[in-house]
Amino acid sequence: MKILIADDEKMVRISLKSMLMDMNLPLEIVGEAKNGEEFVNMLETFTPDIAFVDIKMPKLNGLEAIKIGKTVSPHTQWVILTGFSQFDYAQEAIRLGASNYLLKPVSPEELEETLKILIKQNKEYQITLNKKFERDIISLYYDIDFIQEKDAEHIILKSKLMGAVFCIDSSLNENCKAERQRKFFYALRSIIDSLLVNDIKIALFNLSNGDLATVCAWNFIQENECKQLINSYFEKVVHLVNQLNDSQFSITVLQTDEFSHYKSFYEQLYQIQKLAPLRVMLGIGIKWTIQDLILNEKDPAKLRLSTLLINLCEYYNENMYLHYGKVLKELKSLMLDFKCINNSKVKKAISGFLFCSMNCKLEINQDMNSWINTLDKYGEHLLVQNKTEKISQPDLVSQVISFIDQNYMYDIGIGPIAEKLNITPNYLSSLFHKKTGMKFIDYLTEVRILNAKKMLTDNPQMQVKQVAKEVGYYSTRHFTKVFVKFVGCYPSEYQKNFNNKRAE
């Protein structure tokens, strides 16, 4: 945490700095100011997490400095340094939003106790801010552009952005796969919580197809310092992925470029989703950049072949023999005609993918005919298995629909629901779409808007803000944007028109 000290007495600054440096706490003293004006200038430069402010300082006293400082660095926690004769000033500072006050001379024990409390409060505050950032990122991903250019202070508009998509390939059964994916998710969440500071935010959420994604945003002003933290985050991510990967479970990291505007960033995020199957030919379990994918996009056959191989594995794992056979038939002609597949690196990548995703071992030194024969035999094994084993599972989609109908007013998503059912978000997303013909998020939104319409018409005096909250939207502007998109008019307009018709 960044600490700024402001006191006109040099010995007080030296003493405080010495005590802080002796403490075994995550602290960094970024500056010392000897008067109020100097302190305010440093606030703008460093945006500290905690500022120690002397009540009596030349040029600007502590109270005046805090009033200005709250606009310059709104996330800073203020600790007043005061003498007994200045106690009334300290009380006024508390009313202004100061977290605490310390009587001079400050004791090491009291200072350490105060800091531990502030560090805990700061961490909780950062996590709360990050959750809001995460909700905004999710809304933007699902094409709800509720952020306007006039909202210049919104972190997404004054930040640089970079992110990644995590693609998981595995031959494990759905429950085991879900357990491994949960382990990855919570380990990532722990890494994120440990890195959060005022100038960076990191979101973790599921895309529409169930893939996990992360989005990082950092402040332009503190770019160098923030970029080091973001780089550290991705290093920790890759290290975690390497720890979790094995022959039956593989996480591939597909990273975006760095962008200064969220619209350009989201365009690339969608592009990564489109090109993600190319990991089959590049190699799974590795970090690839968007540029690596684009280089391999030039030949459309590569993307088509990769997509078919992914489909083949999905149908195999879902025991769908007829679909497996149909995909394999198209694969045969592509594999025999596609010269690139004879490249040893590409063959090794495809072989590794098929072994990880459906436990199918293909020798790299074999020709394509031998590979196709092996895949044929795998299909026959699937047919025999379907005849001897009756696979039964609960109607997961009905459970999801029932859960949405009962819990649409809460902050729910496909990731937490999949966790409750002990399956992966990817599987649930695919299954939901197959059974209903709708994406999960579209169904959830439809339920929310239908209930909103009912509330608006049943309660003529009910405010739009209240309706938004009742149907699960934390932002009235966000709710209004969604309502207009689905209904074609503003909620207040819909309510007014209905009331006019009822009065006629």
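The values are calculated or read from the model by the stated rules, or taken from the named source; none is laboratory data. Since this is a predicted model, take the numbers as computed values, not measurements. Positions of Cβ are backbone-derived with ideal geometry, glycine not excepted, and every protein chain shown enters the neighbour counts.
Restricting the search to segment 313-338, which residues are among the charged types (D, E, K, R) and surrounded by 14 or more Cβ atoms within 10 Å (Cβ to Cβ)? Matches in segment 313-338: 314, 318, 326, 330, 332. All of 236, 263, 274, 298 fail the test of being of a type outside the set (Asp, Glu), over 20 Å from residue 356 (Cβ atoms) and not in a helix (DSSP H, G or I), apart from 298. The listed residues are 269, 331, 309, and the only one of them that is under 31 Å from the mean Cα position of the chain (by Cα) and farther than 18 Å from residue 170 by Cβ turns out to be 269. Checking every residue in segment 59-72 against the condition of being at pLDDT below 90, assigned to a strand (DSSP E or B), over 35 Å from the mean Cα position of the chain (by Cα) and not assigned by TED's automatic domain parsing to the domain that holds residue 201 gives zero matches.
Does segment 1-10 include one or more residues that are among the acidic types (Asp, Glu), touching a strand residue (DSSP E or B) at 6+ places or on another chain (Cβ under 8 Å) and farther than 27 Å from residue 225 by Cβ? There is at least one residue in segment 1-10 that is among the acidic types (Asp, Glu), touching a strand residue (DSSP E or B) at 6+ places or on another chain (Cβ under 8 Å) and farther than 27 Å from residue 225 by Cβ.
Please go through (1) touching a Leu at 6+ places or on another chain (Cβ under 9 Å); (2) of a type in the set (Ser, Thr, Tyr); (3) at pLDDT 90 or above for residue 321 and return the number of the only condition it doesn't satisfy. Looking at each condition in turn, residue 321 falls short on (3). Looking across segment 312-341, the residues that are charged (D, E, K, R) and more than 17 Å from residue 355 (Cα to Cα) come down to 326, 329, 330, 332, 337, 339.
Tallying residues that are touching a residue at least 60 places away in the same chain (Cβ under 8 Å) and surrounded by fewer than 14 Cβ atoms within 10 Å (Cβ to Cβ) within segment 478-502 yields 1. Kindly indicate whether residue 347 is surrounded by 20 or more Cβ atoms within 10 Å (Cβ to Cβ) and charged (D, E, K, R). In short, yes. Inside segment 415-456, residues that are at pLDDT below 90 and within 16 Å of residue 486 (Cα to Cα) make up a count of 0. The set of residues from segment 4-27 being assigned to a helix (DSSP H, G or I), touching a residue at least 24 places away in the same chain (Cβ under 8 Å) and surrounded by 13 or more Cβ atoms within 10 Å (Cβ to Cβ) comprises 12, 15, 16, 19, 20. Return the total of residues in segment 449-465 being farther than 21 Å from residue 131 by Cα, under 32 Å from the mean Cα position of the chain (by Cα) and of a type outside the set (A, V, I, L, M). Total meeting the criteria: 3. Among the residues of segment 455-464, just one is in a helix (DSSP H, G or I) and loosely packed, with under 15 Cβ neighbours inside 10 Å, namely 458.
Inside segment 170-189, residues that are free of Cβ contacts under 8 Å to residues at least 40 places away in the same chain and basic (Lys, Arg) make up a count of 1.
Results for (1) under 25 Å from the mean Cα position of the chain (by Cα); (2) at pLDDT 85 or above; (3) more than 17 Å from residue 446 (Cα to Cα); (4) not basic (Lys, Arg), shown as yes or no for each residue.
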| site | (1), (2), (3), (4) |
| --- | --- |
| 468 | yes, yes, no, yes |
| 472 | yes, yes, no, yes |
| 477 | yes, yes, yes, no |
| 486 | no, yes, no, yes |
| 500 | no, no, yes, yes |
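It is to be established whether one or more residues within segment 401-419 are in a helix (DSSP H, G or I), in contact with a Phe, Trp or Tyr (Cβ under 9 Å, 6 or more places away or on another chain), more than 23 Å from residue 169 (Cα to Cα) and β-branched (Val, Ile, Thr). Yes, some residue in segment 401-419 is in a helix (DSSP H, G or I), in contact with a Phe, Trp or Tyr (Cβ under 9 Å, 6 or more places away or on another chain), more than 23 Å from residue 169 (Cα to Cα) and β-branched (Val, Ile, Thr).
Of 257, 211, 169, 246, all but one fail to be closer than 30 Å to residue 346 by Cα and touching a Pro at 6+ places or on another chain (Cβ under 9 Å); the exception is 211.
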